[in-house]
Every structure is written in C-alpha cells, then in structure tokens.
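Participant: Below is the structure I would like to discuss, written out as structure tokens.
Since every read-out is calculated from the coordinates, none of them should be taken as a lab result. Only a predicted model underlies this, so the values are computations on that prediction, with no experimental measurement involved. Here the Cβ positions follow ideal geometry from the backbone for every residue, glycine too, while neighbour counts run over all protein chains shown.
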Amino acid sequence: MMNVISASSITGSALDAEKMRVDIVSQNIANANTTKGIDGKPYQRRIVAFESLLDAAAGPNMQGVRVSEIKQDETPGEVINNPQHPHADNDGNVTMPNVNIPFEMVDMVTATRSYEANLAVVRNARQMATQALSIGR
C-alpha cells in the first residue's frame with residue numbers, strides 16, 4: 001500500500017508542475033499582442049523549467065518533479081510597420097511580443113497530455129489499491 005501512496009505523491013508533483021506550465025502558456029497566449037507592459041516594453045514570453053526532486057524523507061528512491069524557475073525568453077520580437085498603432089515609434093515601427101501562437105498551442109497540448117497521463121496514473125493506482133484491499137476480504 002505504501003508504494004501506491006508514494007507513486008501518487010510523485011505523480012502529484014508532476015500534476016502541479018504541468019498545471020503551472022499550462023498557466024504560463026496561457027499567459028503567453030493572452031499577451032501575444034501586448035506591445036507595452038508596465039516596464040514600457042513588449043511582453044516577453046515566459047518559459048517553465050522543471051527539475052527532478054529527490055525526497056530523502058520518503059526514501060532513497062522517491063523522486064518527483066517541480067518547477068525550478070520561470071524565466072523570460074529574451075528572443076527579440078518581430079518589428080512590424082504600423083504607423084497607426086498607439087505604440088509605434090517615429091518611423092511607424094512597432095516591436096511585437098516574441099510569442100509564437102502555433103508554438104504555444106503545441107506546448108499547451110503537450111502540457112495537457114502530460115497532465116492527463118499523470119492523472120491516469122493516479123486513477124490506476126487508486127483502483128489497484130482498492131482491488132488489493134478487496135482481495136483480503
């Protein structure tokens with residue numbers, strides 16, 4: 001029974017990490033046209049980095065995953081000529097955010113599928129534990 005609980009804990013950490021990834025991708029998509037932020041610059045795409053997590057308290061082989069950092073993608077955004085845009089410079093150019101919607105959508109699908117796969121592991125572990133308990137009756 002302890003292995004099922006441990007497996008669920010490990011998978012839970014992956015669920016938390018993938019949820020954060022979905023949140024950040026959603027933020028990127030929502031700001032795909034934000035040409036001026038609080039700092040006066042166009043929105044910079046955020047990237048989520050994961051790291052392996054070793055839980056020594058749970059045993060020598062117990063691992064999980066967590067978000068190690070959320071950093072900005074420093075790739076410059078596309079410069080377009082649109083003199084009517086409120087944030088255009090004197091030459092009529094506007095620097096757009098460095099968000100690529102098709103890339104973000106692929107990232108969103110990948111994160112969603114990973115989340116669903118980890119959720120299936122939790123469901124199967126719970127089902128196996130329930131079946132194991134019913135054998136002893």
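Participant: Can you compute the modelled spin-label distance between Ile70 and Thr110, with each label point 7 Å from Cα toward Cβ, in nm?
Facilitator: Once both label points are built, they end up 1.9 nm from each other.
Participant: Ok, one more. Multiply the residue separation of Ile38 and Asp23 by 0.36 nm, subtract the distance between their alpha-carbon atoms, and state the gained length in nm to one decimal.
Facilitator: So the chain would gain 3.4 nm between Ile38 and Asp23.
Participant: Quick one: the Cα spread of the stretch 7-103 along its three principal axes, in angstroms, biggest first?
Facilitator: 62, 21, 18
Participant: Work out how much length Ala120 to Val79 would gain on full extension: take 0.36 nm times their residue separation and subtract the Cα-Cα distance, in nm to one decimal.
Facilitator: Gain on stretching Ala120 to Val79: 10.4 nm.
Participant: Give the aspartates and glutamates whose C-alpha is closer than 17 Å to that of Lys71, dropping any in the same chain fewer than 8 places away, or say none.
Facilitator: Answer for Lys71, where 17 Å is the Cα cut-off: Glu18, Asp23, Asp39, Glu51, Glu104, Asp107, listed by chain and number.
Participant: What is the calculated FRET efficiency for Ser9 to Asn93, with r their C-beta to C-beta distance and R₀ = 35 Å, to the nearest 0.05?
Facilitator: Efficiency at R0 = 35 Å is approximately 0.10.
Participant: Shifting gears a bit: Which whole-number percent is the relative contact order of the chain (Cα, under 8 Å, 6+ apart)?
Facilitator: Relative contact order of the chain: 31 percent.
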